[in-house]
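The structure under discussion appears below in the form of structure tokens.
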Amino acid sequence: MTKRIPKDILEREVIGLNLAGRTLAGQLTAPVNLLVFLRHFGCVFCREMVADVRNAATQDANYPNVVFFYQGTVEQGQDFFANLWKEARAISDTPLVFYKALGIERGGLREMFGPEVWSCGLRAVGKGHFIGLPVGDPFVMPGAFLVSSAGDVLWQHDFRHAGDHPDWQAIVPAAAIAKA
């Protein structure tokens, strides 16, 4: 059975940056959309994720429509995205309504500080990303979902720890399969 975003969540009003409509459903403007849930603005991995998704999306015309979710105000979102991807669509979700609706949970000490996280931290720093001040709950895990315009979850990446990332370039083939 296909997982589906509940109707009340799809119809929920959103605020944020560069939005296409007033609800979550209004953001699902393509047959397949990539929803990316960031941990917090001080997170080195979130900065890396935004930059990596931007690079993948701008290099491939077939890349799915991208919508980020973040903890923080619209103004904090503007500050965060200004240097990473000013044109990005991003939804402010300070009460974590969308996070909870898609099953994103809080991580424990292992998911936040385990050995794999440290090695991923070196990867992110090597790309020029650094730690900042947290905005929101720093223990919230990230999330990535391919979602149809109707709200069906077609694919998701199950993050093992804070620094775990899917292969953002491989999203295009996954989206093509999901469309078919």
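The values are calculated or read from the model by the stated rules, or taken from the named source; none is laboratory data. All values derive from a computational prediction rather than experimental measurement. Cβ: placed from backbone, ideal geometry, glycine included. Neighbour counts: every protein chain shown.
Per-structure values
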read-out	value
Residue check for VAL66: modelled with pLDDT under 95 and farther than 15 Å from ASP93 by Cα	no
Considering residues of region 73-94 that are assigned to a loop (DSSP other than H, G, I, E, B) and modelled with pLDDT under 95 only, the residue nearest to THR58 (Cα to Cα)	LEU84
Any pair with Cβ under 6 angstrom, 6 or more apart, that starts in region 139-158 at a residue that is on the phi > 0 side of the Ramachandran plot and in contact (Cβ under 8 Å) with a residue 24 or more places away in the chain and ends at one that is surrounded by fewer than 18 Cβ atoms within 10 Å (Cβ to Cβ) and outside any loop (DSSP other than H, G, I, E, B)	GLY151/ARG4
Conditions (1) over 22 Å from ASP164 (Cβ atoms); (2) of a type in the set (S, T, N, Q); (3) in contact (Cβ under 8 Å) with a residue 24 or more places away in the chain: number failed by GLN71	(1)
Region 49-74, residues that are within 22 Å of GLY136 (Cα to Cα) and either of a type in the set (Val, Ile, Thr) or touching a strand residue (DSSP E or B) at 6+ places or on another chain (Cβ under 9 Å) (or both)	MET49, VAL50, VAL53, VAL66, VAL67, PHE68, PHE69, TYR70, GLN71, GLY72, THR73, VAL74
Test: GLY132 is at positive phi and modelled with pLDDT under 85	no
Qualifying positions in region 18-57 - charged (D, E, K, R) and within 13 Å of the chain's Cα centre (by Cα)	ARG39, ARG47, GLU48, ASP52, ARG54
Restricting region 97-106 to residues that are closer than 17 Å to PRO138 by Cβ and touching a strand residue (DSSP E or B) at 6+ places or on another chain (Cβ under 7 Å), the residue that is modelled with the lowest pLDDT	ARG106
Helices (runs of 4 or more DSSP H) contained entirely in region 1-61, each with at least 2 residues that are modelled with pLDDT of 95 or more and surrounded by fewer than 21 Cβ atoms within 10 Å (Cβ to Cβ)	7-10, 24-27
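Each row is one residue, and each column tells you yes or no for (1) free of Cβ contacts under 8 Å to residues at least 12 places away in the same chain; (2) of a type in the set (Lys, Arg); (3) in contact with a helix residue (DSSP H, G or I) (Cβ under 8 Å, 6 or more places away or on another chain); (4) closer than 17 Å to HIS165 by Cα.
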{"site": "LEU34", "(1), (2), (3), (4)": "no, no, yes, yes"}
{"site": "ARG39", "(1), (2), (3), (4)": "no, yes, yes, yes"}
{"site": "ALA61", "(1), (2), (3), (4)": "yes, no, no, no"}
{"site": "GLY77", "(1), (2), (3), (4)": "no, no, no, no"}
{"site": "PHE81", "(1), (2), (3), (4)": "no, no, yes, no"}
